[in-house]
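All remarks here apply to the structure that follows.
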Amino acid sequence: MAICHLVAKTAQKYILCYEHTPINVAFHSISAGKTESSQSAWGVSVEFLQAVDSSWDRQIAGFEQTKEFTADEIKARLEQSFDITFSSPAADWLIIVDKSENGYEREALAGDNGTSLSGAQIAAAINLRSPNFYISYNDIKNTFTFTTKGGGHLVGLSQYGANTMAKENKTATEILTHYFTGTEVLKIEADKL
């Protein structure tokens, strides 16, 4: 059963649809300046979950965050979460091989056997705010620094972006149809609920 997003406007009810079918909505706290498509993030193409501009999110405090981890912390967290071993030099432990044009890390090779991990898997394992990140390794300190942009899975509606659009007097319909490509807000009869 599809979960519908209702938009209340006075006493009337509205529903967000794609090709006259109610949609499942996806949302996150803050984009990386642009949302990610479902294809890029999850490997599944959903017509209304495309990458869209959300550049005003870049102005929000906390848009970019940096976390530093010792090599031992990274090794422990990734070995605990995945069937991976690390005996090679730490600088070779994580190699990003595929990013979206917006910086979403789609694939990295990790550990001695080059295990393929998504950015979302790495972010969850080491508690990063977003799968849109950059990694640097400091061989003197033996530390990894992760710089993330945005927060959450980055697909669909950015809550901060929607809030900013509302403050700019955009309507609920304008906000929803901006973040959910090709959708429309349709009026429904009360007896259809």
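The values are calculated or read from the model by the stated rules, or taken from the named source; none is laboratory data. What you see is a predicted model, and the numbers here were worked out from it, not measured in a lab. No Cβ is skipped: glycine too gets one built from the backbone with ideal geometry, and neighbour counts run over all protein chains shown. SASA here: full protein model, heavy atoms, side chains in, ligands and nucleic acids out. Shrake-Rupley method; radii C 1.70, N 1.55, O 1.52, S 1.80 Å.
Miscellaneous remarks
- Magnitude of the charge dipole for the range 62-102, about its Cα centre and with charges confined to Cβ atoms of Lys, Arg (+1) and Asp, Glu (-1), is about 60 debye.
- Longest exposed-site-free window of the chain, the sites being GluC sites (Glu not before Pro) in a DSSP loop that have at most 15 other C-beta atoms within 10 Å: 102-167
- Each other residue within a Cβ distance under 11 Å of Thr66 adds +1 if Lys or Arg and -1 if Asp or Glu, for a net charge of +1.
- Charge dipole (Cα centre; +1 on Lys/Arg Cβ, -1 on Asp/Glu Cβ; no other charges) of the range 108-193 amounts to roughly 220 debye.
- Whole-number percent relative contact order across the range 82-171, with pairs defined as alpha carbons under 8 Å at least 6 apart: 18
- When the trypsin sites (Lys or Arg not before Pro) in the range 113-193 are filtered for DSSP coil states and for at most 11 other beta-carbon atoms within 10 Å of their beta-carbon, the remaining sites are Lys141.
- Given charges at Cβ of Lys, Arg, Asp, Glu: the chain dipole, positive-most of Ser88, Asn127, Ile140: Asn127
- Unsatisfied cross-links (Cα-Cα over 27 Å) in the set Lys75/Lys99; Lys34/Lys167; Lys13/Lys149: Lys13/Lys149
- For Thr181, net neighbour charge (Lys/Arg +1, Asp/Glu -1) across residues whose Cβ lies under 13 Å away: -4
- With a cut-off of 13 Å between beta carbons, the residues surrounding Gln39 carry a summed charge of -3, where Lys and Arg count +1 and Asp and Glu -1.
- For the range 12-63, averaging the sequence separation of C-alpha pairs within contact (under 8 Å, six or more residues apart) and dividing by the residue count gives a relative contact order of 32 percent.
- Cα gyration tensor, the range 101-184 - rounded (a/c under 1.5), prolate or oblate: prolate
- Spherically averaged projected area of the chain from its Cα convex hull (nm²): 12.7
- The figure for Tyr104 is an accessible area of roughly 10 square angstrom, using a 1.4 Å probe on the protein chains alone.
- Alpha-carbon centroids, the range 110-176 and the range 69-93: separation in whole Å: 20
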